[in-house]
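A short write-up of the structure that comes next.
Since every read-out is calculated from the coordinates, none of them should be taken as a lab result. Small disclaimer: the values here were computed from a predicted structure and weren't measured. Glycine gets a Cβ as well: all are built from the backbone with ideal geometry, and neighbour counts include every protein chain shown.
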Amino acid sequence: MSVVTGLGYTFIHNGWMQKVITSLYKFTARWMNSIIFENTRDKNYFVANHLVDADKALSVKGCGVDTSYYKPSESLFPKENKTIFTFIGRLLYDKGINEFVEAAKILKGKRQDCSFWIVGELDPENPATVDKEDLLKWVEDDIVYYHGFIKDVRPLIQQSDCVVLPSYREGLPRIIIEGLSMTKPVITTLTAGCEETVEEGKNGYLVPVKDVHALVQAMERFLTLTEDQKIQMGNYGRIKAESEFDSILIAEQYLRLIQSKTT
């Protein structure tokens, strides 16, 4: 039994490396009695492309988060009089950070009631890493506020009004689940992994990949919500995190799958 946590850079950027990796997946799958995927789109891709037999392909909803650790709490800092949209993750173009910044640029050109935070670090070993010069320019131009790498992101999630991840592809994004668990509405993309975290309009919004205009529209839609509507959306997200993505539930799913293949 093996686990595919996400297909990543190689499957986002088509090329010879994707063909090599695909061949390796197909070869190794022959020796596995089952393969677990963290989202259904990846599982369906493997089955449709004959990389794994349908009866061997299983799926769970990510690796789960500790919803008792990521829980709503009062912010330790004074609330800003602006709506805060926050991107948290490795600073990779494949995470949609460029779209986040472009959307921020458009909105800040139209209104003064929102702020845009970036939390995370550069990943020089990844070919999709953000150029340091780009990051510095975004900050110097006052498009975003950069917090750098923060080990415990809970205080920043709590200060935020909306967690945004316009990623091109994920296994199942932990930061989105962490945001939901802390009653934060989210905006993410209609792609593998991300789309399984959001019920449109109930706990957040989904936008097409690489679509800055749609991302701006989703942010503007969020800005029109009343405080009560934001709270209702956040509470729905918390319920979803507890009922679908809690780490104990996911561990139980893994245990049942393992037992079903060994009995």
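When the convex hull of its Cα atoms is viewed from all sides, the range 138-217 shows a mean projected area of 5.8 nm².
Multiplying the residue separation of LYS137 and THR226 by 0.36 nm and subtracting their alpha-carbon distance yields 28.7 nm. Peptides 165-177, 85-97, 34-46 ordered by packing proxy, namely the average of other Cβ atoms within 10 Å per residue, highest first: 165-177, 85-97, 34-46.
The ranking of CYS114, CYS194 from fewest to most other beta carbons within 10 Å of each one's beta carbon is CYS114, CYS194. Taking Cα centre as origin and charging only the Cβ of basic (Lys, Arg, +1) and acidic (Asp, Glu, -1) residues, the dipole magnitude of the range 83-245 rounds to 260 debye. For the peptides 118-124, 99-105, the ranking by mean Cβ contacts within 10 Å, running from highest to lowest, is 99-105, 118-124. For a modelled paramagnetic label at GLU200, 7 Å from Cα along Cα-to-Cβ, no residue of the range 82-105 is in reach, as no backbone nitrogen comes under 17 Å. DSSP beta bridges fully contained in the chain are about 5 percent antiparallel. Estimated translational diffusion coefficient (Stokes-Einstein, Kirkwood radius over Cα pairs, 20 °C, 1.002 mPa s) of the chain: 111 µm² per second. Once you order the gyration tensor axes a ≥ b ≥ c over the Cα atoms, which shape class does the range 30-73 get: rounded for a/c under 1.5, otherwise prolate or oblate by comparing a/b with b/c? Prolate, because a/c is 1.5 or more and a/b exceeds b/c.
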